[in-house]
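Worksheet for the structure shown next.
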Amino acid sequence: MATVAGTAQVPAAGSGDEAGGRRARADAPRGRWRRHLPPYLAISPYYVLFAVFGAFPVFFSLYLSFQDWDGIGDMRFVGLQQYSWLLQDSVFWHSILNTFEIWFMSTVPMLFLALVLAFLLHSQVRYAAAYRVAYFIPNVTSMVAMTIVFGSVFAQSGLANSMLKAIGIDGVSWLTSALGIKSAISIMIIWRWVGYNALIFLAGLQAIPSELFEAARVDGASSRQTLFRVVVPQLRPVILFAVITSTINGLQIFTESQVLFYSDDPGTTGGPGQEGMTIVLYLWQKSFNDHQFGYGAAMGWLLFALIALFAIINWRLVSGSDRDGRRGIAWRKEARNGR
Amino acid sequence: MAADHTSSTAGLAIGAGSRRARICVRVALLLGVLVSMFPFYWLVVMASGTNQDILDYPPKLVPGTQLLHNMGEVIDRIAFFNSLFNTVVVAVTGTVLVLFFDSLAAFAFAKYEFPAKKFLFGTLMATYMIPAQLSLVPQFVTMAHFGWAGTLKALIIPGAANAFGIFWLRQYAQNSLPDELLDAGRIDGAGFFRLYRTVALPLFRPALAFLGIFTFISIWNDYIWPLVVMVNPDRLTLQVALANLSVAYNTNYAVVMAGALMSVVPLIVVFLLGARHFLRDLAAGATKM
């Protein structure tokens with residue numbers, strides 16, 4: 001996505017280097033290296049840091065996933081054993097199921113609400129800045145602190161149940177039943193991310209050129225037609241961005257589950273019935289509580305595969321019927337050129 | 001961006017032209033703000049009450065008078081200032097390093113041609129996609145091997161330059177760093193680093209404000225990595241200390257809530273100080289992807 005903008009800029013940048021190029025030819029090839037040295041130096045910190053703290057651990061984790069190791073004693077090569085244990089581990093499968101359920105229960109309402117909110121914000125001109133700040137603040141605050149707050153709101157005699165009781169509904173077992181646990185975590189995620197996504201959708205809405213709306217009006221399109229034929233196709237890249245981001249984040253849910261449902265006893269981490277056990281929580285627990293480093297490394301790789309697979313599926317789903325979207329973009333370019 | 005000029009078209013999009021529709025929109029937006037803000041209000045209510053207030057039915061919906069007392073308890077029970085100090089050190093140094101290294105790299109990628117540039121940038125974007133949890137275990141082992149586990153270095157150094165910031169600043173530089181200015185500097189004999197310092201850095205300012213706040217907030221809120229790597233219980237970040245407090249004093253809600261409030265407030269202050277820049281640039285970054 002990004003490289004499109006990048007290549008367009010290259011000729012402009014090249015023109016600046018021509019003067020340097022002429023100079024360099026005089027004392028090549030040493031001068032050439034001297035000329036290229038500063039930009040290499042400038043970009044090197046990231047690559048050095050990534051090599052040490054990013055790339056090396058990734059390969060090391062592949063190596064570790066073929067070992068049995070508690071982090072202190074000797075490693076023992078076990079081949080693909082960790083993976084095969086993992087595939088037979090019912091808690092692991094349960095954690096995958098939980099993660100996907102929470103992802104689904106949070107992402108679908110979250111994106112829908114964010115879209116609605118973006119439309120509302122777009123039609124409201126006064127106090128726009130204040131609204132944006134107010135809607136963004138949940139995303140800024142500490143997840144640990146807010147999980148503690150929500151944990152108390154959803155407690156058996158907490159605020160949520162008190163309010164339900166006030167309107168005559170029996171208390172919900174938010175933190176003890178399967179559906180309750182997942183709803184509580186989903187609500188926290190929705191609360192945290194609706195404003196963020198709404199602002200991103202809003203930026204997408206504002207980027208739609210007004211010529212498109214005028215063209216639609218001239219053609220006699222109804223509001224409904226305008227919404228589905230102009231707005232939604234134009235927003236598709238932004239929606240795609242939001243879906244991919246929430247997929248990657250959603251499959252790595254950890255803090256909410258860990259703060260609410262961690263316990264010293266491995267069998268009860270994840271809450272009653274381990275319904276709040278997510279993939280990353282299980283990975284963390286196996287690695288750093290039970291010191292099964294090889295097992296944790298193998299889980300990391302399966303998580304990576306899952307995220308990659310799922311991101312691709314979502315990509316296909318959202319951009320799959322891309323014909324309309326492309327046409328929309330072409331139309332937008334024409335509208336700009338015609339001006 | 002064409003912020004307010006297109007607003008008139010929005011009415012068309014959702015069919016909200018009438019006075020009644022406008023009132024509906026406003027009421028819905030205010031309701032949304034209420035839901036967004038309520039948990040903070042509720043946090044203040046709980047942090048300022050007694051433990052009994054929190055357990056009572058019907059719940060007390062207005063703040064109490066015990067805030068200072070509860071905060072004092074937090075300070076007595078956990079090394080609050082120590083954790084706050086660690087968090088501030090990590091967040092400030094981490095942010096400064098990110099701003100420096102990322103802007104330097106972004107400047108090179110945006111305005112210079114050098115062999116293998118495309119390949120290097122492609123690699124950078126690819127590394128951005130790797131989830132951190134993939135290598136949580138080996139990252140910890142690496143830190144232990146360096147003898148960094150339990151030190152602040154382990155929180156600062158690995159994240160001192162990041163792909164997101166480089167990518168994002170590069171986009172910004174391409175649009176707002178005029179080549180003419182750089183050429184003028186070259187004619188005066190300025191080299192790469194002087195152009196960076198005298199031309200690029202001043203023009204980067206608005207973008208750095210956004211990246212700075214974004215980085216600061218994410219370092220401040222990071223939980224899983226400090227939880228794993230800060231093995232020394234005397235040396236924790238605020239998030240980990242708070243989580244420990246909530247486990248150790250899970251019967252004394254009021255104190256836990258006061259701790260939560262104390263960990264949230266500094267961040268909200270930083271955010272509000274830079275909110276205008278932040279929100280504008282966040283939105284701009286997302287639509288350019």
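All of the numbers you see were taken from the coordinates with simple rules; none came from a lab. What you are looking at is a predicted structure, and each value in this text was computed from that prediction instead of being measured. Cβ: placed from backbone, ideal geometry, glycine included. Neighbour counts: every protein chain shown.
Could you tell me how far the Cα centroid of region B:132-184 sits from the Cα centroid of region A:241-292, in Å? Value for the Cα centre distance between the two parts: 26 Å. Once you divide the Cα radius of gyration of chain B by 2.2 N^0.38 Å, the number left is 1.26.
Annotation: the residues A:Glu101, B:Glu180, sorted from fewest to most other C-beta atoms within 10 Å of their own C-beta, follow the order B:Glu180, A:Glu101.
From largest to smallest, what semi-axes in whole angstrom does region A:177-298 give when each is the square root of 5 times an eigenvalue of its alpha carbon gyration tensor?
Those come to 45, 15, 10 Å.
In Å³ and rounded to a whole number, note down the convex hull volume per residue for the Cα atoms of region B:170-217.
Once divided by residue count, the hull of region B:170-217 is 69 Å³.
To the nearest 10 degrees, how steep is helix B:117-128 against the longest Cα principal axis of chain B, on a 0 to 90 scale? That helix lies at roughly 10 degrees to the long axis. What the phi angles of region A:275-286 give under the Karplus curve with 6.51, -1.76 and 1.60, with θ = phi - 60°, is a coupling list of 6, x, 6, 9, 4, 5, 4, 5, 4, 5, 5, 4 Hz, glycine and proline written as x.
Normalised Debye scattering of region A:43-147 at q = 0.15, 0.24 Å⁻¹ gives log10 I(q)/I(0) of -0.97, -1.19, counting only Cα atoms as equal scatterers and leaving out solvent.
For the protein assembly as shown, the alpha-carbon radius of gyration amounts to 1.02 times the rule-of-thumb value 2.2 N^0.38 Å expected for a compact globular protein. Building the convex hull from the alpha-carbon atoms of region A:106-222 and averaging its projection over directions returns 10.1 nm². Taking a quarter of the surface of the Cα convex hull of region A:84-337 gives a mean projected area of 17.3 nm². Computed over Cα pairs, the Kirkwood radius of region B:78-248 leads via Stokes-Einstein (1.306 mPa s, 10 °C) to a diffusion coefficient of 89 µm² per second.
For region B:16-99, the fraction of alpha-carbon pairs lying more than 14 Å apart is 77 percent, rounded to a whole number. Look at A:Ile169, A:Ile307 and count the other Cβ atoms within 10 Å of each Cβ; fewest to most, that gives A:Ile169, A:Ile307.
Taking the Cα atoms of region B:129-194, the ratio Rg/Rh between the radius of gyration and the Kirkwood radius comes to 1.23. The residue among B:Phe114, B:Ser135, B:Ala160 whose Cα reaches farthest toward the positive pole of the charge dipole of region B:78-248, with charges on the beta-carbon of Lys, Arg, Asp and Glu, is B:Phe114.
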